[in-house]
1. With region 138-248 as the region, which helices (runs of 4 or more DSSP H) entirely inside it contain at least 1 residues that are under 21 Å from Cys105 (Cβ atoms) and in contact with a Ser or Thr (Cβ under 6 Å, 6 or more places away or on another chain)?
2. If you take the residues of region 105-126 that are aliphatic (A, V, I, L, M) and in a loop (DSSP other than H, G, I, E, B), which of them is farthest from the chain's Cα centre (by Cα)?
3. Quick check: is even one residue across region 80-88 of a type outside the set (Val, Ile, Thr), surrounded by 14 or more Cβ atoms within 10 Å (Cβ to Cβ), within 20 Å of Val176 (Cα to Cα) and touching a strand residue (DSSP E or B) at 6+ places or on another chain (Cβ under 6 Å)?
4. Please state which one of Arg228, Arg205 is within 19 Å of Arg148 (Cβ to Cβ) and buried (at least 19 other Cβ atoms within 10 Å of the Cβ).
5. Let me spell it out: the conditions are (1) surrounded by 22 or more Cβ atoms within 10 Å (Cβ to Cβ); (2) in contact with a Lys or Arg (Cβ under 7 Å, 6 or more places away or on another chain); (3) within 22 Å of Pro242 (Cα to Cα), and Pro196 meets all of them except one. Which number is the exception?
6. Is it fair to say Gly180 is crowded, with 20+ Cβ neighbours inside 10 Å, over 29 Å from Thr245 (Cα atoms) and touching a strand residue (DSSP E or B) at 6+ places or on another chain (Cβ under 6 Å)?
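What follows is calculated from the coordinates using simple rules that are stated; it is not laboratory data. What you see is a predicted model; the values in this text were computed from it and never measured. Virtual Cβ from ideal backbone geometry, glycine too; neighbours counted across all protein chains shown.
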Amino acid sequence: MPLPDRRLAVALLLVAALGTGCSPSRPAATAPAATRAPAGTAPAATGPPATAAFTTAAPPATRAPSTTARPAPPGYAFPVRGCPVSYGHSHHDYPATDIFTRRGCVFAAPVAGVVDEVSRTDRWDPGTDRGADRGGLSVSMVGVDGVRYYGSHLGSIAAAVVPGARVRAGSPLGRVSNTGSARGTGVHLHFGLSWPTRPGIWWVRRGMVAPWPFLDSWRRGGDLSPARAVRTARARAGNAVPACTRRC
């Protein structure tokens, strides 16, 4: 056979051989069959297992404590210091208390405050018995609680006790005696409670509220305040300077 024809025959034989392949055939890759979840169940989630989320409940709201505190009551002191005393629950003609004790015992400020009026001269005359002079030597002061406190029949008054002077509870104001209309009676401190007035209104100053319930408290170390009782008496009077009706 001529050479070109021989080359053609060889080429045909090679093509046939390649068509049939020289190595075993590799099966085609197939995807794994999907599995169907049973009816009524959700398919399983993929990825890392879920972790439960925990939330901390907020504590129940609590009411903040009030920052507005009631003011502490002023400290009170019994008006006769360092001596045995006795007194009753009544007084002639108007509300007041006569505190019987020994001569020279200290008349002390019952509460912190400011000295109001001071009388250092005994002008009482039994022949006239003027109401303005019956107290003899006396001191009045207005406390930080708004109450005016009055003590009379004193034998002496401390030099520093002048109108406008500031005093503390328990500060000595004078010494108990029997000046004024107490000359013919036992030594005692006339003690009165009232509201403040302008100077010279002695019939209010001498007493408008009975002191004995407060004296009882202070004697036991209590702090019962006469402020409310004095405000009530002032409202009942209807006037800061009511007319004098007894022992005028």
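1. Those helices (runs of 4 or more DSSP H) span 212-219.
2. Of everything passing the filter in region 105-126, Ala109 is farthest from the chain's Cα centre (by Cα).
3. Checked against the condition, which is being of a type outside the set (Val, Ile, Thr), surrounded by 14 or more Cβ atoms within 10 Å (Cβ to Cβ), within 20 Å of Val176 (Cα to Cα) and touching a strand residue (DSSP E or B) at 6+ places or on another chain (Cβ under 6 Å), region 80-88 yields at least one hit.
4. That would be Arg205, the only listed residue that is within 19 Å of Arg148 (Cβ to Cβ) and buried (at least 19 other Cβ atoms within 10 Å of the Cβ).
5. Exception for Pro196: condition (1).
6. The answer is no for Gly180.
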